[in-house]
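The values are calculated or read from the model by the stated rules, or taken from the named source; none is laboratory data. These numbers come from a predicted model, not from an experiment. Don't worry about glycine lacking a Cβ; one is built from the backbone with ideal geometry, like all the others, and counts go over all protein chains shown. When the accessible area is computed, the model is the full protein with side chains, heavy atoms only, and any ligands, DNA or RNA have been set aside. Shrake-Rupley method; radii C 1.70, N 1.55, O 1.52, S 1.80 Å.
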Amino acid sequence: MDFSFTDEQELLLDNARRFVAERYGFAARKHILASADGYSAAVWKELADLGFLALNVPEADGGLGAGPVETMLVSMVVGEGLLVEPFLSSAVLATRTLATLGSAEQRARWLPKLAGGELIATLVLEAGYGRDGHDAIRAAGDAGGWELSGRVPVVYHAGIADLLLVAASTGATPGEPDAVFAVPAGAPGLHLASCTTVDGQVAADVELRGVRVEKSARVGGDARLGLAAVVDYGLFALCAEAIGALDRTLATTVEYTKTRNQFGGPIARFQALQHRMVDMLMRIEQARSLVYLAASRCDDADGEERERALSAAKVLVADAARFVGQQAVQLHGGMGVSDEVAISHYFKRLLAAEIRFGSSDAHLGRYERRLSAG
Amino acid sequence: MDLNLSPDDVAFRDRVRAFLATELPADIRERTLSGTRFEAGDVRRWQRILHDHGWGAVHWPAEFGGLQSTPIQQYLFELECALAGAPIQLAFGLRMLGPVLMRYGSPVQQQRFLPRILSGEDWWCQGYSEPGAGSDLASLKTTAVQNGDHYVVNGQKCWNTLGQFADWIFCLVRTDGTAKPQRGISLLLIDMKTPGITVRPTVLLDGTPEVNEIWLQDVRVPVENRIGEENQGWTYAKFLLGHERANIAGIGASKRELLRLKRLAARQRRGGQPVIDDPDFRRRLARVEIDLLALEYTNLRMLSAPANSPSAGIAASILKIRGSEIRQALSELLVEALGTAALRFAAHPVADAADAEDDGSAGLTAAYLNLRKLSIFGGSNEIQKNIISQTLIGL
């Protein structure tokens, strides 16, 4: 049993952290958030140059074919730096969808560009674990191809994506997406209502009103198992991102309480605050352990084991996100509710992490349905 | 990162399983798995069997007769023993005093005491807490005054666990009343048969005399039974308490209790259906299982990869806090699964033959009461948070 990272992985982590330290400070990020695009194309290019966007592209398709640990480490740093670029949306979710389900032709066409950062893609799927699926997009097939209709709210980075990978139900299995279709931005009938998410990322409500695609636009055949695996992988990356944000949230809070003086000394000398921060630390460490476990299970062919590990991780990550986020704001006092201080931005990122890919309750439910008798 | 056991560790685990399958006596196993009360005889007998087969102290160095296993293997040993229904191994000699003797004891002390700890011939207990010295242990008042080649010890110890069975006690005493509290303490090894020692049981809330008050009146202790130097006892005491971390989380016992909970919940009925099918209960069961899974991997992280772990000092405290909380949560759920039957209190389930086939459920309420101690002893969870806070915040 070995929890250490290889030298190459440590180097990857160092590179990612150095990049964030040099290029993604609070002021730089604020500038990016206020820009018209809502993300930085320059940063995106640099992330590609660092190789981060090629991690999930198989070697055969010109990528690095890296494992879950590499995705975890970069995701953690994305969380530490509160990056708003579409690493999770494009370099994890969309890239893995194509790598898992795509034909040779589709992979050759898109994966090298995704790895190089020339193309941004996103997966259009309401990954709501336990949701009803009544809003799922429907695909009707005919001789000429497929016609797609339906609506998915708040799809991260849909508005800046060149390519939308739309998960849809062909009707063979009602309510559950069983197919993926590649839809280019600007396709007739594709309507995007842009919004900004609570954590400052660009997103859009995606509506397809009879969007026509050719037969060749379908990515793979029956996509149910593949989609489940891809979405669990995205969930894993989100959890790792949250760990990075949690680490910075606690460190920032500890630092603040050591420098904030009241009653003649730093407030960190009060036991009520000390024990609160210890509680925050313990939540983070328990969640981190399950994210490490998730890293070793998220590629599992055995869906049951994978789902159990991923849901367990999300339950503790979501609970930690809420507790640590709220307590960090509390311990910052008035500064905690100011937009001018980093902690409120971490708080909002942690709120989004709690909500995305299924709530703590939804995942406790998924875990509970897989409880073993012995 | 590879979270699978290495081939070596799998082979080790299989050897442990094979040993337990053939050598753990059925009657002992039965008593442990059915949750019946602590039996001193079982503990002695089991340690003897372990020793005879070379498993007496997997964590001790080979030069002292141990197996010198890796931390992961120590963990696996504890886990398999707990799941198989083996009794506990007494920590006082094997985990607390043993390592102190190895580090600070004289060669004579090592040769005299260590083999008898290993074989289980000597039962050790701990003389630390006093009526006025609990979390603030350094304020202890029991005195030892040197008179020729003996110390004369006077004072009172309390919350002494299982001392009624003990042959020896390791005891913190004040040898310098003028120095700062931590600087005037020595660690003495005292034969429990020495004249002047009185052991009085304290009945706990579950009705058992698990702990004792120990009165020491003009107890003469040879100076050669002092560990290390005079007035350095605080250093040894801290070493002793901070040494053990392979099993501080009690993962094995909690896994065993989780299985007990699932069996009980499948058998108990509430509102016409098995408790295990109750949606509210299932979610709480799922939550405690997730918490235990997280603790298990936190434990493994801390045992196997210092590089990616919090420092050893806070690791032990985190494991102690979460380990006790989860074990207590399991004991709560066991009582809840039992429902009204939990009201029928059986302080001595060993003798309750009527419930013999009832998977030990008669003792579950008593166990719930008894396990409140977990978050109190060995440095209360609040003290553990103070320790973590020193590293985390460092003021």
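Values computed for the structure shown
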{"read-out": "Cα convex hull of the range A:224-373 - mean projected area over all directions, nm²", "value": "9.7 nm²"}
{"read-out": "Point-charge dipole on Cβ atoms (K/R +1, D/E -1) for the range A:261-374, about Cα centre, debye to 20", "value": "200 debye"}
{"read-out": "Area hidden from solvent between B and A (accessible, protein heavy atoms only, 1.4 Å, total, Å²)", "value": "4200 Å²"}
{"read-out": "Protein-protein interface of the range B:276-297, residues with accessible area decrease of at least 20 Å², isolated chain reference, 1.4 Å probe", "value": "B:282, B:283, B:286, B:287, B:289, B:290, B:293, B:294, B:297"}
{"read-out": "On Cα atoms only, tilt of B:40-52 relative to the major axis of chain B in degrees", "value": "80 degrees"}
{"read-out": "Amide H partners (placed H, <5 Å) of residue A:57, local residues excluded", "value": "A:64, A:65, A:66"}
{"read-out": "Nonlocal amide H pairs with residue B:159, under 5 Å, H built at 1.01 Å", "value": "B:212"}
{"read-out": "Cβ-derived FRET efficiency at R0 45 Å, residue A:338 paired with residue B:345, nearest 0.05", "value": "0.20"}
{"read-out": "Of B:238/B:385; B:193/B:373; A:45/A:113, those spanning more than 21 Å from alpha-carbon to alpha-carbon", "value": "B:193/B:373"}
{"read-out": "The range B:54-102 and the range A:39-89: distance between their alpha carbon centers, rounded to Å", "value": "45 Å"}
{"read-out": "Residue-span extension gain [residue A:373 to residue A:185] - 0.36 nm each, minus C-alpha spacing", "value": "62.8 nm"}
{"read-out": "Positive dipole terminus of chain B, leading residue within B:75, B:181, B:156 (C-beta point charges)", "value": "B:181"}
{"read-out": "Those residues of the range B:1-18 for which accessible area with every protein chain present is at least 30 Å² below the isolated value (1.4 Å probe)", "value": "B:1, B:2, B:3"}
{"read-out": "Length added when fully stretched, residue B:395-residue B:180, from 0.36 nm per residue minus Cα-Cα", "value": "75.2 nm"}
{"read-out": "Accessible solvent surface per residue of the protein assembly as shown, calculated while the other protein chains remain in place, 1.4 angstrom probe, Å²", "value": "40 Å²"}
{"read-out": "The range B:7-89, relative contact order [Cα under 8 Å, separation at least 6], %", "value": "37 percent"}
{"read-out": "Sites residue B:146 and residue B:203, calculated FRET efficiency, Cβ-Cβ separation with R0 41 Å, nearest 0.05", "value": "0.65"}
{"read-out": "Carbon/sulfur fraction of accessible area - chain B, other protein chains in place, 1.4 Å, %", "value": "53 percent"}
{"read-out": "Rh by Kirkwood over Cα pairs, then Stokes-Einstein D for chain B at 1.002 mPa s and 20 °C, µm²/s", "value": "96 µm²/s"}
{"read-out": "Hz values of 3J(HN,Hα) by residue in the range A:139-151 - Karplus curve (6.51, -1.76, 1.60), Gly and Pro given as x", "value": "10, 10, x, 8, 4, x, x, 10, 10, 10, 9, x, 9"}
{"read-out": "Accessible surface of the range A:224-373 [probe 1.4 Å, protein heavy atoms]: carbon and sulfur percent", "value": "51 percent"}
{"read-out": "Integer Hz, Karplus 6.51/-1.76/1.60 couplings in order for the range A:90-98, x for Gly and Pro", "value": "9, 7, 10, 5, 5, 4, 6, 4, 5"}
{"read-out": "Dipole in debye (nearest 20) - the range A:7-120, about Cα centre, beta carbon charges: Lys, Arg +1; Asp, Glu -1", "value": "420 debye"}
{"read-out": "Accessible-area ranking of A:359, A:169, B:135, largest first, probe 1.4 Å", "value": "B:135, A:359, A:169"}
{"read-out": "Where labels lie 7 Å past Cα in the beta-carbon direction, separation of residue A:302 and residue A:196 in nm", "value": "4.7 nm"}
{"read-out": "Cα long-axis angle, helix A:68-81 against chain A (0 to 90 degrees, to the nearest 10)", "value": "60 degrees"}
{"read-out": "Residue-span extension gain [residue B:270 to residue B:62] - 0.36 nm each, minus C-alpha spacing", "value": "69.5 nm"}
{"read-out": "Cα gyration tensor shape for the range B:124-232, rounded if a/c is under 1.5, else prolate or oblate", "value": "oblate"}
{"read-out": "Solvent-accessible surface (1.4 angstrom probe) belonging to residue A:138, in square angstrom, nearest 10", "value": "130 Å²"}
{"read-out": "Per-residue HN-Hα couplings for the range A:344-355 [Karplus 6.51, -1.76, 1.60; θ = phi - 60°; Hz; x = Gly/Pro]", "value": "5, 6, 5, 4, 6, 5, 5, 4, 5, 5, 5, 7"}
{"read-out": "Pair residue B:121, residue A:212: separation of 7 Å Cα→Cβ label points (nm)", "value": "9.5 nm"}
{"read-out": "Under-5 Å amide H pairs with residue A:195, H placed in peptide plane, nonlocal only", "value": "A:203, A:204, A:205"}
{"read-out": "FRET efficiency, residue A:222 to residue B:283 (Cβ-Cβ, R0 41 Å, nearest 0.05)", "value": "0.80"}
{"read-out": "Protein accessible area in the range A:123-217, 1.4 Å probe - carbon and sulfur %", "value": "52 percent"}
{"read-out": "Among beta bridges that DSSP assigns inside chain B, antiparallel share in %, nearest 5", "value": "85 percent"}
{"read-out": "Cα centroid separation, the range A:320-354 to the range A:165-240 (Å)", "value": "31 Å"}
